[in-house]
Every structure is written in structure tokens, then in C-alpha cells.
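Asker: Below you will find the structure I want to go over with you.
The values are calculated or read from the model by the stated rules, or taken from the named source; none is laboratory data. Every value quoted in this text rests on a predicted model; they were computed, and no experiment measured them. A quick note on method: Cβ atoms are made from the backbone with ideal geometry, for glycine too, and the neighbour counts reach across all protein chains shown. Just so you know, the surface numbers come from the protein's heavy atoms only, side chains and all, with ligands and any DNA or RNA stripped out. Shrake-Rupley method; radii C 1.70, N 1.55, O 1.52, S 1.80 Å.
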Amino acid sequence: MKKIALSLAFLLSAIILPLCTQAQRPTERDREVWMKEIQQYKNDFIAKKINLTEEQKAKFTPLYSSMDEEIRKAQEEADLLYRQTLNKKDNATDLEYEKAAEAAYELKGRENSIEMKYFDEFKSILTPIQLFKLKDAERDFTRQLMRQHRRHQPKNR
């Protein structure tokens, strides 16, 4: 009887443990779903903060999401170059370090170019005061996200 129970326990642990560890690792699909949820939350948060009408929201939201996606891609490109250089450790060349640094320093400029490209389109949807409040709403969203993140962190970190 002990052998059967032990064999059953071993068999269950061999099946369940890999499933549990796999469930803990987020997949690319999980990340995409999470990013979409965050984007939706951000869109709703900003729409409320700057008092968008339903008509404005219908025009603004896809445009704003598109801008965010372009900015995210620029950030990911710079981050990838940084990580690739960092992973090479002592094998990275001076040129690789320079290019990674250049990408990091250029990132804010790229983000600004993307935002300015969309600014003209936002002007056709938003009122001047809504346009003015947009940056504050973005900062408020980031602060809110950080507060939520801190609340869910273990106390003894």
C-alpha cells in the first residue's frame, strides 16, 4: 500500500510541478494581454481626467494607443541594444558600447518626435484645455500605476 501511495505521489508531483512552474512564467501571449489591459486602463483613465466626450474618445483612443505603441517600440529597440551589449560583458567592443549609449541618449528625442507627430492630430480632436491637461493626466496615470505597484510589493524588500 505504501508503495502505491508513494508511486502515486511521485507521479502526481511529476505531472503537477512542471505545470505549476510553467504557470508562473508569463508567456508572450500573457504579456500581450496584460499590455492591452494596461493600455485600456490608461485610455479610460486619461479620457476621464481630460473629460473626453464619447465622440472624442472614439477618435482619440485608437490614435493615442498607436502613439503609445510607437513609443514602446522605440523603447524596446534601445533596451534590446543595451541588454545585448551588457550581456557581452568584457567582449563588447567600444563601438558597441558607444552605439548602445547613443541609442539610450537618443531615446527621449525619438519619443518626443513621435509625440509631436501625433500632437497635430490630437489638436483636431481635443480642445486646447484638454490638450493642455493631457500631459498631467499621463503623469497622474504613471503615479497611480507606481502606487499600485508599491502596494503589491512585499513589505520587507
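Asker: Using beta carbons and a limit of 7 Å, which pairs, at least six apart or on different chains, have the first residue in segment 45-64 and at positive phi and the second one open to solvent by less than 30 Å² (accessible area, probe 1.4 Å)?
Answerer: Pairs that qualify, where the first residue is at positive phi and the partner is open to solvent by less than 30 Å² (accessible area, probe 1.4 Å), are ASN51/GLN130.
Asker: Quick check on segment 81-92. Is at least one of its residues open to solvent by less than 70 Å² (accessible area, probe 1.4 Å), modelled with pLDDT of 90 or more and within 18 Å of the chain's Cα centre (by Cα)? Write out each step before concluding.
Answerer: To start, the set of residues in segment 81-92 that are open to solvent by less than 70 Å² (accessible area, probe 1.4 Å) comprises 81, 85, 92.
Still in the list and also modelled with pLDDT of 90 or more: 81, 85.
Next cut, within 18 Å of the chain's Cα centre (by Cα) only: 81.
Yes, because at least one residue in segment 81-92 is open to solvent by less than 70 Å² (accessible area, probe 1.4 Å), modelled with pLDDT of 90 or more and within 18 Å of the chain's Cα centre (by Cα).
Asker: Being over 27 Å from PHE60 (Cα atoms) and either surrounded by fewer than 16 Cβ atoms within 10 Å (Cβ to Cβ) or at pLDDT below 95 (or both) narrows it down to one of LYS108, LYS135, LYS99, LYS123, so name that one.
Answerer: Criteria check complete, one pass: LYS99.
Asker: If you don't mind, there's one more thing I want to ask. ARG150 is checked against (1) in contact (Cβ under 8 Å) with a residue 40 or more places away in the chain; (2) closer than 22 Å to GLU37 by Cβ and fails just one. What number does that condition carry?
Answerer: All conditions pass for ARG150, except number (1).
Asker: Which one of these does PRO128 not meet: (1) under 19 Å from the mean Cα position of the chain (by Cα); (2) under 19 Å from GLU55 (Cβ atoms)?
Answerer: Answer for PRO128: the failing condition is (1).
Asker: Does LYS59 fit the bill of being among the basic types (Lys, Arg), under 21 Å from the mean Cα position of the chain (by Cα), modelled with pLDDT of 90 or more and in a helix (DSSP H, G or I)?
Answerer: Details: among the basic types (Lys, Arg): yes; under 21 Å from the mean Cα position of the chain (by Cα): no; modelled with pLDDT of 90 or more: yes; in a helix (DSSP H, G or I): yes.
In short, no.
Asker: Looking at segment 103-117, I want the residues that are farther than 11 Å from ALA74 by Cβ and have a partner that is surrounded by 13 or more Cβ atoms within 10 Å (Cβ to Cβ) and small (Gly, Ala, Ser) with Cβ atoms under 6 Å, at least 6 apart or on another chain. Which pairs are those?
Answerer: From segment 103-117, the pairs are ALA104/ALA78.
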